[in-house]
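First up is the structure itself, then whatever we jot down about it.
The values are calculated or read from the model by the stated rules, or taken from the named source; none is laboratory data. Since we're looking at a predicted model, the values are computed, not measured. Quick reminder, even Gly has a Cβ in these numbers, built from the backbone with ideal geometry, and neighbours come from all protein chains shown. For accessibility, only protein heavy atoms count, side chains too; no ligands or nucleic acids. Shrake-Rupley method; radii C 1.70, N 1.55, O 1.52, S 1.80 Å.
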Amino acid sequence: MTPEQLALRDAVRSLLDKHSDVRAAIETPHGYDKDLWARLCDIGVLPIPEQYGGSGAGQEETRVALEELGRTLTPAPLLSSAIVAQALLATGDEEVCGRLLPRIADGTVATLVWPWDTAEITTTPALDHPEVTTTVATASLDGTSRYVLDGDLAEILLVSDGTSLYEVDPGQPGVIREHTPTMDLTRRLATVHLTGASATRLGPWSSRIRDIALAALSAEQVGAAARALELTVEYTKTRVQFGKPIGSFQALKHRMADLHVLVETARSAALAATDEKSAAVAKVYCSEAFFKVAAEMVQLHGGIAITWEHDAHLYFKRAHGSGQLFGSPQVHLARLARSVP
């Protein structure tokens, strides 16, 4: 990493060490610490250019911040807002970017409904212009999308039908948003129902947004996996069996060495996620690596790992949830198989 990225990593890690309280955050009605989110925005973790009110951070800097958030499992709307920021920049519309990006830079939660999940968003041209296609400025949207990041909290709601990107007023009668409780309490998801929702077309939909989202999620998974391994190694140095710390047993040394290699190769995959194929590879590899580390964390901690007071189960649940987010590993393996000549 560059000196600037190292400084950002240290700043985010220091902030989270001092102010992140995961269990307190998930007990709030909105599921995250608003004050902490404001502090993160002040540091400049969102990929928004300076001309639109951001710090000038890019995708690499946001991945650094996401890796740190993954380490602590800190709930925050960074992933959803960062994806929206990239989708807006991809439209190339300066007026749209100038209107929405400064709000996101200031901490307004934004989210994107897009066809990575089971969503089937249909578009109908505006009634006053029935002869035009989906390239018109306004349209009516119908469909239901599940597992939308921060979907019930977002003040800025964008929707893609796979062809165009639309802005939808989340407060209109045609939009119903419901919080979806999941096994992973540290990730806020919602179901969004669109019924004749009025929408404004912002520009074309870029398939690159999927790859950007996968790369960002992979970085978060690597951070969580690395921390899960660190906690496990620390525990094996203090837990004593047969008069010795269990970390001194050769069999456990081998297992943790294998996990270390797994985490480091996952980090390499996440860093290399720059195009469609490498982003899919990163999603598959980092999902499976995180799940493997989290499962070993539970096993090596023993009975304490399945108690509510210990954090091991939080990492295990995050590993399961993140593995399915933006498509399961099987989905992306199939996509990679189709790309082979």
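Could we say that residue 249 is under 19 Å from the mean Cα position of the chain (by Cα) and not assigned by TED's automatic domain parsing to the domain that holds residue 86 here? Spell out the reasoning first.
Details: under 19 Å from the mean Cα position of the chain (by Cα): no; not assigned by TED's automatic domain parsing to the domain that holds residue 86: yes.
No, not satisfied.
The listed residues are 258, 211, and the only one of them that is acidic (Asp, Glu) and open to solvent by 50 Å² or more (accessible area, probe 1.4 Å) turns out to be 258. Taking the numbered list (1) surrounded by fewer than 17 Cβ atoms within 10 Å (Cβ to Cβ); (2) at pLDDT 90 or above; (3) not basic (Lys, Arg) in turn, residue 224 passes all entries but (1). Flag not set for residue 202, criterion: of a type in the set (A, V, I, L, M, F, W, C), more than 21 Å from the chain's Cα centre (by Cα) and in a helix (DSSP H, G or I). The set of residues from the stretch 147-178 being more than 23 Å from residue 96 (Cα to Cα), without any contact (Cβ under 8 Å) to a residue 60 or more places away in the chain and touching a strand residue (DSSP E or B) at 6+ places or on another chain (Cβ under 7 Å) comprises 176, 177, 178. Residues in the stretch 221-266 that are in a helix (DSSP H, G or I) and among the polar types (S, T, N, Q): 221, 232, 236, 238, 248, 250, 265.
Regarding the stretch 184-198, can at least one residue be identified that is polar (S, T, N, Q) and more than 30 Å from residue 137 (Cβ to Cβ)?
Filtering the stretch 184-198 for residues polar (S, T, N, Q) gives 186, 191, 195, 198.
Going one step further and asking which of them are more than 30 Å from residue 137 (Cβ to Cβ), we end up with 186.
Scanning the stretch 184-198 turns up at least one residue that is polar (S, T, N, Q) and more than 30 Å from residue 137 (Cβ to Cβ).
Can you tell me which residue in the stretch 304-341 is farthest from residue 74 (Cα to Cα), limited to those that are in contact with a strand residue (DSSP E or B) (Cβ under 9 Å, 6 or more places away or on another chain) and assigned to a helix (DSSP H, G or I)? Among those residues, the one meeting the criterion is 324. For the stretch 275-284, the condition holds for at least one residue, the condition being that it is assigned by TED's automatic domain parsing to the domain that holds residue 216 and not in a helix (DSSP H, G or I).
For (1) of a type in the set (D, E, K, R); (2) in a helix (DSSP H, G or I), each residue gets a yes or a no:
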residue	(1), (2)
6	no, yes
9	yes, yes
12	no, yes
16	no, yes
32	no, no
39	yes, yes
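Answer with yes or no whether residue 330 is closer than 25 Å to residue 210 by Cα and surrounded by fewer than 21 Cβ atoms within 10 Å (Cβ to Cβ). Even if it seems obvious, please write down each step before you answer.
On the way: closer than 25 Å to residue 210 by Cα: yes; surrounded by fewer than 21 Cβ atoms within 10 Å (Cβ to Cβ): yes.
Answer is yes for this residue.
Taking the conditions (1) of a type in the set (Val, Ile, Thr); (2) in contact (Cβ under 8 Å) with a residue 24 or more places away in the chain; (3) under 30 Å from residue 239 (Cβ atoms) in turn, residue 274 satisfies each one other than (3). The C-beta contact set for the stretch 37-59 (first residue hydroxyl-bearing (Ser, Thr, Tyr), second residue outside any loop (DSSP other than H, G, I, E, B), distance under 6 angstrom, 6+ apart or interchain) comprises 52/97; 52/101; 52/102.
When 158, 165 are screened for being open to solvent by less than 10 Å² (accessible area, probe 1.4 Å), more than 26 Å from residue 22 (Cβ to Cβ) and modelled with pLDDT of 95 or more, only 158 passes.
Is it fair to say residue 10 is out of contact with any Lys or Arg (no Cβ under 7 Å at 6 or more places or on another chain), free of Cβ contacts under 8 Å to residues at least 24 places away in the same chain and not assigned by TED's automatic domain parsing to the domain that holds residue 150? When the stated conditions are applied, residue 10 passes them. Among the conditions (1) closer than 21 Å to residue 151 by Cβ; (2) touching a residue at least 40 places away in the same chain (Cβ under 8 Å); (3) surrounded by fewer than 20 Cβ atoms within 10 Å (Cβ to Cβ), residue 27 misses just one, which is (2).
Hey, could you check the stretch 286-323 for residues that are open to solvent by 60 Å² or more (accessible area, probe 1.4 Å) and touching a residue at least 60 places away in the same chain (Cβ under 8 Å) and say which is farthest from residue 258 (Cα to Cα)? Steps first, please.
Applying the first criterion (open to solvent by 60 Å² or more (accessible area, probe 1.4 Å)) to the stretch 286-323 yields 288, 291-292, 299, 304, 306, 308-309, 311, 316, 320.
Going one step further and asking which of them are touching a residue at least 60 places away in the same chain (Cβ under 8 Å), we end up with 311, 320.
Details: 311: 22, 320: 21 Å.
Top of the filtered list is 311.
Selection of the stretch 63-94 for residues being within 16 Å of residue 210 (Cβ to Cβ) and of a type in the set (Val, Ile, Thr) yields 83, 84, 91. For the stretch 102-122, what are the residues that are open to solvent by less than 50 Å² (accessible area, probe 1.4 Å), of a type outside the set (A, V, I, L, M) and modelled with pLDDT of 75 or more? Once the filter is applied, which keeps residues that are open to solvent by less than 50 Å² (accessible area, probe 1.4 Å), of a type outside the set (A, V, I, L, M) and modelled with pLDDT of 75 or more, the stretch 102-122 yields 102, 107, 108, 111, 114. Scanning the stretch 7-52 for residues that are polar (S, T, N, Q) and farther than 17 Å from residue 223 by Cβ turns up 28, 51.
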